[in-house]
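**Q** Let me begin by handing over the structure; questions about it come next.
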Amino acid sequence: MIPASPKPASSSAQGSAGDEAISPYRVFTRADWAALRAHTPLTLSDDELERLRGVGDPVSLDEVRDVYLPLTRLLNLQVAAYRQLQVLRDAFLGRPSQRAPYLVAIAGSVAVGKSTFARVLAALLARWVDHPRVALVATDGFLLPNKELEARNLMHRKGFPESYDQKAMLRFLAAAKAGDATLSVPVYSHVDYDILPGKFDTIERPDVLLFEGLNVLQTAPGVSVMASDFFDFSIYVDTDEASVADWFLERFLLLQRTAFQNPDAYFHRFADMDREKSIAFARDVWRDINLPNLRDNIAPTRDRADLIVRKQADHSISEIRLRGAV
């Protein structure tokens, strides 16, 4: 059931209180949003969901039912409308119909859980019969190689807008929107913490393409073309600063006991750091790097998203904001 009237947007997601009356978003509680699932079937098992969960990012089947399934229903409707519009536009232009993928952006802070959100969403979308070919691309593949970052003195700003090969990213998105049969993405290794030279992942004609990263909704003064120009729908995964800082710390400590134990891992040198020093180090990284990036570059793009999902301190999604549904 859809609420009869929009709930006022809070200042945490909208800026000053004076903006609330003109918010473009309709705010749904989790229960209200869950009702929009209608009869969309649950197509993921708990075992499959377990494989999709990220490090320290719990997602339950109840949340899949309540949040993800209504979202896949909405996106399925939008993909169908998008295809009809493509056919009409191509008829107007007098050219053969070109089937370009429907592009969905997923943005949010480091450690907020956007990668898990993207993986679960991709798995569910691929089980709709109308668009079974769903590809997921992370912007990590468009980071500049470490050698280039070091030459530019940017290693301490990895993940900031200037640390990406923006031209390569825009070329990829333009090729996707042009309906190119084959798309190539540079491979990023989280073990090496670097781009792998000469390695590419190939994507063949996706029906839906999810594009996930920190700054995918970024704007820049004087820039005529931006990544967001290519998106058909955008999602921002949101929470408060204190919660995401705690999640970053928890994730670092968990990775220290797992991935960092690999002798080949870039961060192996932190594997045996004692707990007190590890906590201090992770907090310093958050304060000096990730928090400034969140405040200066990522959070300001939140209100450009078509959908905002709001997480609580326990990682659960409590609220959904949908643009244009007021």
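**Q** With A313, A245 as the choices, which residue is aliphatic (A, V, I, L, M), at pLDDT 95 or above and either in contact with a Pro (Cβ under 9 Å, 6 or more places away or on another chain) or assigned to a helix (DSSP H, G or I) (or both)?
**A** Values: A313 fails: either in contact with a Pro (Cβ under 9 Å, 6 or more places away or on another chain) or assigned to a helix (DSSP H, G or I) (or both).
Residue meeting the stated conditions: A245.
**Q** Scan V129, V137 and give me the residue that is closer than 24 Å to V208 by Cα and at pLDDT 95 or above.
**A** V137
**Q** Now a separate question. Mind checking which pairs have a first residue in the range 33-52 that is closer than 13 Å to A123 by Cα and a second that is of a type in the set (S, T, Y) and buried (at least 18 other Cβ atoms within 10 Å of the Cβ), Cβ under 6 Å, 6 or more apart or different chains?
**A** Qualifying pairs under 6 Å: none.
**Q** Only residues that are surrounded by fewer than 14 Cβ atoms within 10 Å (Cβ to Cβ), assigned to a strand (DSSP E or B) and touching a residue at least 12 places away in the same chain (Cβ under 8 Å): list them for the range 185-205, please.
**A** Within the range 185-205, P197, K199, F200, D201, T202, E204 meet the criteria.
**Q** Counting just the residues of the range 76-105 that are assigned to a loop (DSSP other than H, G, I, E, B) and charged (D, E, K, R), which one comes out nearest to the chain's Cα centre (by Cα)?
**A** Only one residue fits best here, namely R99.
**Q** Shifting gears a bit: Criterion first (over 23 Å from S109 (Cα atoms) and of a type in the set (D, E, K, R)) does K158 satisfy it?
**A** Details: over 23 Å from S109 (Cα atoms): no; of a type in the set (D, E, K, R): yes.
For K158, the condition - over 23 Å from S109 (Cα atoms) and of a type in the set (D, E, K, R) - is not met.
**Q** Answer yes or no as to whether D303 is of a type in the set (D, E) and part of a loop (DSSP other than H, G, I, E, B). I'd like the intermediate steps shown before the answer.
**A** Working: of a type in the set (D, E): yes; part of a loop (DSSP other than H, G, I, E, B): no.
Answer is no for this residue.
**Q** I'm trying to understand the selection: among the residues of the range 33-66, which are surrounded by 15 or more Cβ atoms within 10 Å (Cβ to Cβ) and charged (D, E, K, R)?
**A** Those that are surrounded by 15 or more Cβ atoms within 10 Å (Cβ to Cβ) and charged (D, E, K, R): R37, R53, D57, E63, R65, D66.
**Q** Can I ask one more? Just to verify a result, which residue in the range 129-177, among those that are acidic (D, E) and either touching a residue at least 12 places away in the same chain (Cβ under 8 Å) or in a strand (DSSP E or B) (or both), is surrounded by the fewest Cβ atoms within 10 Å (Cβ to Cβ)?
**A** Taking the candidates together, the pick is D130.
**Q** Please work out which residue is farthest from A135 (Cα to Cα), limiting yourself to the range 202-221 and to residues that are within 19 Å of the chain's Cα centre (by Cα) and of a type outside the set (A, V, I, L, M).
**A** First, pick out the residues of the range 202-221 that are within 19 Å of the chain's Cα centre (by Cα): 203, 206-219.
After this cut, where a residue has to be of a type outside the set (A, V, I, L, M) as well, the list is 206-207, 211-213, 215, 218-219.
Details: P206: 6, D207: 8, F211: 9, E212: 11, G213: 14, N215: 19, Q218: 22, T219: 24 Å.
The qualifying residue farthest from A135 (Cα to Cα) is T219.
**Q** Taking the range 137-167 as the region of interest, how many residues are hydrophobic (A, V, I, L, M, F, W, C) and under 19 Å from the mean Cα position of the chain (by Cα)? Give the steps one after another, and end with the answer.
**A** So the first thing to find is which residues in the range 137-167 are hydrophobic (A, V, I, L, M, F, W, C), and the list is 137-138, 142-144, 149, 151, 154-155, 160.
Keeping just the survivors that are under 19 Å from the mean Cα position of the chain (by Cα) gives 137-138, 142-143, 160.
The number of residues fulfilling the criteria is 5.
**Q** Filter the range 248-298 down to the residues that are of a type in the set (S, T, Y) and not in a helix (DSSP H, G or I), then identify the one that is surrounded by the most Cβ atoms within 10 Å (Cβ to Cβ).
**A** Per the criteria, the residue is Y266.
**Q** Considering S318, S234, S278, S228, which residue is closer than 26 Å to Y82 by Cβ, touching a helix residue (DSSP H, G or I) at 6+ places or on another chain (Cβ under 8 Å) and at pLDDT 95 or above? Before you say what the answer is, go through the steps one by one.
**A** Details: S318 fails: closer than 26 Å to Y82 by Cβ; S278 fails: closer than 26 Å to Y82 by Cβ; S228 fails: at pLDDT 95 or above.
The unique qualifying residue is S234.
**Q** When both residues are 6+ apart or on different chains and their Cβ atoms are under 6 Å apart, which pairs have a first residue that lies in the range 280-297 and is among the small types (G, A, S), and a second that is part of a helix (DSSP H, G or I) and at pLDDT 95 or above?
**A** What qualifies is A282/L249; A282/F252.
**Q** Can you pull out the residues in the range 98-119 that are more than 22 Å from I298 (Cα to Cα) and modelled with pLDDT of 95 or more? It would help to see each step written out before you state the result.
**A** To start, the set of residues in the range 98-119 that are more than 22 Å from I298 (Cα to Cα) comprises 98-102.
Once the filter is applied, which keeps residues that are more than 22 Å from I298 (Cα to Cα) and modelled with pLDDT of 95 or more, the range 98-119 yields P101, Y102.
**Q** For the range 1-32: of the residues being at pLDDT 95 or above and either among the hydrophobic types (A, V, I, L, M, F, W, C) or in contact with a His (Cβ under 6 Å, 6 or more places away or on another chain) (or both), which is surrounded by the fewest Cβ atoms within 10 Å (Cβ to Cβ)?
**A** Out of the qualifying residues, it is A31.
The values are calculated or read from the model by the stated rules, or taken from the named source; none is laboratory data. Not measured: the values here are computed from a predicted model. Because the Cβ atoms are built from the backbone with ideal geometry, glycine has one as well, and the counts that use them run over all protein chains shown.
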